[in-house]
1. Name the residues in segment 124-134 that are surrounded by 14 or more Cβ atoms within 10 Å (Cβ to Cβ) and more than 25 Å from residue 1 (Cβ to Cβ), would you?
2. In segment 13-43, what residues are without any contact (Cβ under 8 Å) to a residue 40 or more places away in the chain and either closer than 21 Å to residue 59 by Cα or not assigned by TED's automatic domain parsing to the domain that holds residue 137 (or both)?
3. Yes or no: segment 32-43 includes at least one residue that is farther than 14 Å from residue 140 by Cα and buried (at least 19 other Cβ atoms within 10 Å of the Cβ).
4. Is it true that some residue in segment 89-98 is of a type in the set (Ser, Thr, Tyr) and assigned by TED's automatic domain parsing to the domain that holds residue 151?
5. Could you tell me whether any residue of segment 49-62 is assigned to a helix (DSSP H, G or I), without any contact (Cβ under 8 Å) to a residue 40 or more places away in the chain and surrounded by 14 or more Cβ atoms within 10 Å (Cβ to Cβ)?
6. Only one of (1) under 21 Å from residue 2 (Cα atoms); (2) at pLDDT 90 or above is not met by residue 117, so which one is it?
7. Across segment 1-11, what is the total count of residues that are in a helix (DSSP H, G or I), surrounded by fewer than 20 Cβ atoms within 10 Å (Cβ to Cβ) and in contact (Cβ under 8 Å) with a residue 12 or more places away in the chain?
8. Answer yes if at least one residue in segment 72-86 is within 23 Å of residue 40 (Cβ to Cβ) and either over 16 Å from the mean Cα position of the chain (by Cα) or polar (S, T, N, Q) (or both), and no otherwise.
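The values are calculated or read from the model by the stated rules, or taken from the named source; none is laboratory data. All figures in this text were calculated on a predicted structure; none of them were measured in a lab. Glycine gets a Cβ as well: all are built from the backbone with ideal geometry, and neighbour counts include every protein chain shown.
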Amino acid sequence: MKKLGHIIFGFVLCFVFILIAGALELEWFDFGAKSLGIMACIILLYSLLPDIDHKNSTVTWLFLGFAILGLIWGLLVLLMKQDYSRGLLIIVVSLVFLISIYVCANYFKHRGVIHSLLVGLLASIPLYFIFFFEIQYPLIGLIAWYSHLLGDGFLFKLVS
């Protein structure tokens, strides 16, 4: 499946999941403008994220750009002598991000272990903490990740 197909399928599957959760009267989702915007960004990202194991994927290059921008931002913070610890943190996080991208793209087989439900679960967990213990965001991330696996033909792949 191509990039646009993964994105559309991710939005459709997440929408169906939200409808089912609503029909079951599970109050997991907030439908404010801010929440919907965050969910849309998560769906967009997580429906493409399993392709981080491919050197030429959109998400690999997007993350590479973010990592480089992070390094530049961190260096600027350090050079402007605003907040040493903040600048150092930005640089360290960007370097970890850069190394992770490199390792995933160069040392993992495409559609291998990264294309698994377990890695999707692990990748969704940080959303729970980033968004202050809101369950809706990691659920949407996991569903969007799984939509990618379904689109690639993996129905119940737990690990490679």
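1. Taking segment 124-134 and keeping what is surrounded by 14 or more Cβ atoms within 10 Å (Cβ to Cβ), we get 124, 127-128, 131, 134.
Scanning segment 124-134 gives 128, 131, 134.
2. Listed by number, the residues that qualify are 37, 40, 41.
3. As a first pass, look at segment 32-43 and keep what is farther than 14 Å from residue 140 by Cα: 32-34.
Narrowing further to those that are buried (at least 19 other Cβ atoms within 10 Å of the Cβ): none.
So far as segment 32-43 goes, no, none of its residues is farther than 14 Å from residue 140 by Cα and buried (at least 19 other Cβ atoms within 10 Å of the Cβ).
4. Our first condition is that a residue be of a type in the set (Ser, Thr, Tyr); within segment 89-98, this holds for 94.
In the following step, the residues that additionally are assigned by TED's automatic domain parsing to the domain that holds residue 151 were identified as none.
No, the conditions are met nowhere in segment 89-98.
5. Checking segment 49-62: at least one residue is assigned to a helix (DSSP H, G or I), without any contact (Cβ under 8 Å) to a residue 40 or more places away in the chain and surrounded by 14 or more Cβ atoms within 10 Å (Cβ to Cβ).
6. Failed condition: (2).
7. To start, the set of residues in segment 1-11 that are in a helix (DSSP H, G or I) comprises 3-11.
Within this subset, residues satisfying the condition of being surrounded by fewer than 20 Cβ atoms within 10 Å (Cβ to Cβ) are 3-5, 8-9, 11.
Remaining after also requiring in contact (Cβ under 8 Å) with a residue 12 or more places away in the chain: 3, 5, 9, 11.
Final tally of qualifying residues: 4.
8. First, the residues of segment 72-86 that are within 23 Å of residue 40 (Cβ to Cβ): none.
No, segment 72-86 contains no residue that is within 23 Å of residue 40 (Cβ to Cβ) and either over 16 Å from the mean Cα position of the chain (by Cα) or polar (S, T, N, Q) (or both).
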